[in-house]
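**Q** Please read through the structure below; I'll follow up with questions.
Since every read-out is calculated from the coordinates, none of them should be taken as a lab result. These numbers were taken from a predicted model, which means no experiment stands behind them. Neighbour counts run over all protein chains shown; Cβ positions are idealised from the backbone, glycine included.
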Amino acid sequence: MANKSNKVNYNEMSKEDLALEIVKEKQKYYKMQFNHSVSPLANPLELRYIRRSIARMLTAFASK
């Protein structure tokens, strides 16, 4: 489960940093999704957490 003490405020990040972070997280998500289809992940809810964090980043990116 996500650690609440490590929350990142995406609105404080610059647009360039946010774009790089989005690309990095999407790559991580697709890699995890592929690995999950081959053999189940120990915690499949991680896919949901990453997907939602990507959505948060995209929302912050669109507001800039």
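**Q** I need a count of the residues in region 44-64 that are in a loop (DSSP other than H, G, I, E, B) and without any contact (Cβ under 8 Å) to a residue 40 or more places away in the chain.
**A** 1
**Q** Every residue in region 25-43 that is in contact (Cβ under 8 Å) with a residue 12 or more places away in the chain and of a type in the set (Ser, Thr, Tyr), please.
**A** TYR29, the sole residue that qualifies.
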